[in-house]
Structures are given as structure tokens and as C-alpha cells.
1. Roughly speaking, what is the stretch gain from Tyr303 to Ser114, that is 0.36 nm per residue apart minus the C-alpha to C-alpha distance, in nm to one decimal?
2. For region 202-254 and region 132-162, write down the distance between their C-alpha centroids in whole Å.
3. Residue farthest toward the positive end of the dipole of the chain, with Cβ of Lys/Arg at +1 and Asp/Glu at -1: which of Val30, Thr136, Pro209?
4. In region 30-64, what trypsin sites (Lys or Arg not before Pro) fall in a loop by DSSP, with at most 12 other Cβ atoms inside 10 Å?
5. Using the Kyte-Doolittle scale, which helices in the chain average at least 1.0 and also have C-alpha atoms spread 15 Å or more along the helix axis, with helices defined as whole DSSP H runs?
6. To the nearest 500 deg cm²/dmol, what mean residue ellipticity at 222 nm is calculated for the chain from DSSP H runs of n ≥ 4 alone, each contributing -39,500 (n - 2.57), summed and divided by the residues?
7. Report P(r) for the chain: all Cα-Cα distances, bin width 10 Å, range 0 to the bin holding the largest distance, values in whole percent.
8. What lysines sit close enough to Lys289 to cross-link, taking a C-alpha to C-alpha distance under 21 Å and skipping anything fewer than 8 places away on the same chain?
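No lab work stands behind these numbers, since they all come straight from the coordinates. This structure is a prediction, so every number in the text was calculated from the model and none was measured. When we count neighbours, we look across all protein chains shown, and the Cβ atoms used for this are built from the backbone with ideal geometry, even at glycine.
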Amino acid sequence: MNIVVWLTLGLILVRLAAERWLALLNRRHVLAHANEIPKAFQRIIDEPTYKKSVAYTLAKERFGKIEEIYSTAVLLIVLFSGVLPWALHLFSHGLGQSAWAMAAFLFAVGFAMSLPGLPFDWFSQFRLEEKFGFNTTTPKTWWSDRLKGLLLALVLGYPLLVLILKIVQWTGVWWWLWAWAALLAFQLLMLVLAPVLILPLFNKFTPLPEGSLRERLLALAERTRFRAQSIQLMDGSKRSRHSNAFFTGFGRFRKIVLFDTLVQQLTEPELEAVLAHEIGHYKKKHIPKMLAFSAVSSLAGFYFISVLAGQDWFYRAFGFEPGNVAPALLLFGLLAGTVTFWFSPLIHWWSRRYEYQADAFAARVMSEAQSLIGALRKLNEKNLSNLTPHPFYSGFYYSHPTLLEREQALAGKA
Ligand SMILES: [Zn+2]
């Protein structure tokens with residue numbers, strides 16, 4: 001076998017091994033604390049809920065193990081069975097090598113690659129989440145979500161692929177810069193359009209009714225000079241009992257969105273604290289900073305694809321003929337995760353720093369930290385979060401600090 005094949009195989013298997021090792025550490029850590037509620041949580045959570053959170057964590061770990069091994073096997077088969085060059089041959093034979101035909105090839109492979117995961121998505125929703133009382137999705141909603149996702153990919157993703165492939169034909173050696181600019185423009189357009197055109201396809205949004213909660217949240221927005229067009233309730237309970245809050249849109253189109261499940265679970269001061277935390281993200285400019293980072297990453301990605309597209313050895317290693325950019329795009333799409341996986345601790349560390357900053361902001365504008373702590377405790381309890389992750393595991397995967405870490409950071413604030 002060729003060295004590129006060995007290297008690819010190595011990248012894929014090393015990632016799987018790292019995933020399994022981290023999961024094993026975490027599982028042992030959870031089991032070591034399973035019999036008794038750790039001291040720090042004894043006043044926060046009752047025995048049955050704690051046991052249930054341990055069982056939920058372990059069940060997700062078992063499921064994750066099977067899913068990771070299965071998806072790795074699917075990836076290996078797709079990469080090394082020769083099915084991709086065969087499919088490309090089929091498409092170029094039938095449709096030619098135009099941008100439209102090659103985009104159709106990429107779209108078809110992407111669609112086919114999403115199919116093997118469907119039974120796992122189904123099991124996760126209707127067995128695992130169901131068993132722990134989170135699932136509220138009906139099979140009808142589940143299927144219609146998938147169908148809508150596919151149609152959106154067809155309406156938005158396919159033309160974008162065609163455009164990128166056209167750009168390769170039009171612009172020569174600097175195509176990667178132009179393709180990146182096109183992707184960036186598309187992403188910015190989506191940031192503006194998604195809240196208006198896409199989110200309503202999946203959920204119902206209604207203005208938060210008049211009353212003390214609305215008064216309180218509007219007063220907070222006023223106090224923090226956060227301009228928002230409206231506060232909306234989203235029917236998150238249509239799919240799950242998990243809860244969340246976020247805001248969408250730009251400038252005067254900005255909307256604050258609260259899941260109906262969140263409003264049911266938290267008291268008014270706790271909801272105010274959650275919103276204050278979200279406003280903190282905005283005030284500290286976390287969102288533009290994250291967007292800038294993702295733009296720089298995709299620029300690096302496109303540059304890398306353009307380099308790969310010029311390497312004959314790379315094409316031959318996977319059974320393709322050089323001279324067509326589509327296989328380079330495809331292989332990059334399939335393999336980028338094996339490299340970016342290793343950056344996730346850094347990105348998550350960065351994200352956790354932002355969470356601390358948003359928490360500190362919330363405590364400052366509320367002049368107290370107790371409401372936020374109360375909200376975080378309830379959210380951890382209601383979502384059956386793992387209260388005792390292994391530090392390596394949470395360090396690698398968690399975009400948010402653990403409950404204990406956040407409480408410790410908030411202690412003494414405001
Ligand atoms: Zn946050």
C-alpha cells in the first residue's frame with residue numbers, strides 16, 4: 001500500500017483511539033463517583049436524580065462507542081473500497097464534467113454518506129432520549145425535519161457547490177481566495193436570512209406574552225443597552241424537554257428567543273440571569289470574534305484544498321485521475337475532521353473563557369450571582385448533565401465549563 005493510504009488510515013484510527021480513550025477515562029471517573037453524590041452537589045440534587053444522571057451519562061457513552069466505531073468503519077469502506085472513483089466515473093460518463101455535473105456528484109455522495117447514520121439518529125431520539133424522558137418528537141416531525149433538511153441542502157447547498165466549481169474554472173490559480181470569498185458572503189447572507197426564512201420552517205415563534213416576565217426582561221435589555229426588536233417564545237417542547245435560550249438576527253432585527261421549556265423550568269429572576277448571560281456574549285463581541293476565527297479557518301481550508309488539487313500522487317492514492325478539483329473537495333470534506341479533531345481542546349478552551357466572561361457580565365448587571373447559579377443548577381439537573389466528568393474529557397469536549405467550575409468562578413462576584 002501507498003504511504004498516503006497508510007497515513008490516512010493512521011489519522012482515522014488514531015482519532016478513534018483517542019475518542020475511545022477519553023470516553024473510557026470519563027466512564028471510569030463517573031463510575032467512581034456513582035455510589036454517592038459528591039459533597040459539592042449534596043445540597044443541590046437529590047439521590048434519584050443523581051442516579052438517573054449517572055445512568056444517562058453511561059447510556060450515552062455506550063451509544064457513542066458503537067456509533068464512533070460504526071462511522072469509522074463506514075468512512076474506511078467509502079475511502080478504500082473504490083466506490084468513490086466508481087461513482088465519479090458514473091457521473092462524468094452520464095453528465096460530463098461540467099460544474100453542474102460535478103456538484104451533483106458531490107451532493108449525491110454527501111447525501112449517500114448521511115444515510116448510514118440515520119438509524120443511529122433514530123435510536124438516539126426514540127430509544128435513548130425517550131428512555132430518560134426527554135423525547136417529545138413524533139416520528140412524523142422527525143421525518144419531516146429530515147426531508148426539510150434535504151430540501152434546504154438542495155436549494156442552498158447545491159447552487160453553492162456549483163458556484164464554487166464555476167469559480168475554479170473562471171479564476172485560475174487564485175480560485176481558493178475567490179471561492180472563500182463566495183462562501184463567506186453566503187454565510188453572512190445566511191446569518192441574516194436564516195432567522196427569517198429557515199428557523200420558522202422548523203419551529204413556531206410567538207411573542208412573549210405581556211406580563212411581569214416580559215417587563216423584567218425588557219428592563220434588563222434597556223439597562224444593558226441591548227437593542228432587540230422583540231422577545232420570542234420558541235416551541236422547543238415540540239422535539240425535546242431539553243432547554244435553551246439564544247438570540248438571532250442583526251442590528252434592529254435582533255430577536256431574543258427563549259425555549260418554552262426554559263420558561264417552564266426557571267423562575268423569573270433565573271430567566272433574567274440567563275438572558276443577561278446571553279447579552280454578555282453580545283456585549284463582549286464573542287460572536288464576531290468566533291465568526292472571524294471560522295472565516296480564517298475556512299480560508300486555510302480552501303488554500304489547503306487548492307494545494308491538494310495540484311498533487312497527482314494524492315489523487316492516485318485514492319484511485320482518482322488528476323485534473324478535476326471535485327475529488328480534492330470531496331476528500332477534504334471526508335478527512336478534515338481527523339485533523340480538526342485535535343484542535344477541539346483549544347477551541348473549547350477558548351469557548352469556555354467566553355462563558356466565564358458572559359457569566360461575570362450577568363452577575364455584574366444583576367448585582368448578584370445567586371439567580372444565575374440557581375438557573376445553572378436547575379439546567380444541569382433538568383438536562384441530567386454529567387456532574388462528574390473526567391477533567392481530560394471535559395477539557396477536550398466541553399464548550400461550557402462544568403457547573404462546579406462556573407459556581408466557583410461566580411463565588412465572590414457581585
Ligand atoms: Zn454562554
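1. On the way: separation 189, 0.36 × 189 = 68.04 nm, distance 2.61 nm.
Here the segment from Tyr303 to Ser114 would lengthen by 65.4 nm.
2. Cα centres, region 202-254 to region 132-162: 24 Å.
3. Pro209
4. Answer in residue order: Arg43.
5. On the way: long enough: 3-32 (43 Å, 1.20); 47-80 (50 Å, 0.25); 83-95 (18 Å, 1.07); 99-114 (22 Å, 1.81); 139-152 (20 Å, -0.42); 158-171 (20 Å, 1.48); 175-193 (26 Å, 1.87); 212-223 (16 Å, -0.21); 268-283 (22 Å, -0.48); 286-308 (33 Å, 1.34); 326-340 (21 Å, 1.84); 344-366 (32 Å, -0.45); 370-382 (18 Å, -0.48).
Once both thresholds are applied, what remains is 3-32, 83-95, 99-114, 158-171, 175-193, 286-308, 326-340.
6. Working: 19 runs with 279 residues, N = 414.
Dividing the helical sum by the residues of the chain leaves -22000 deg cm²/dmol.
7. P(r) over the chain, rounded to whole percents: 4, 17, 27, 28, 17, 7, 1.
8. Lys255
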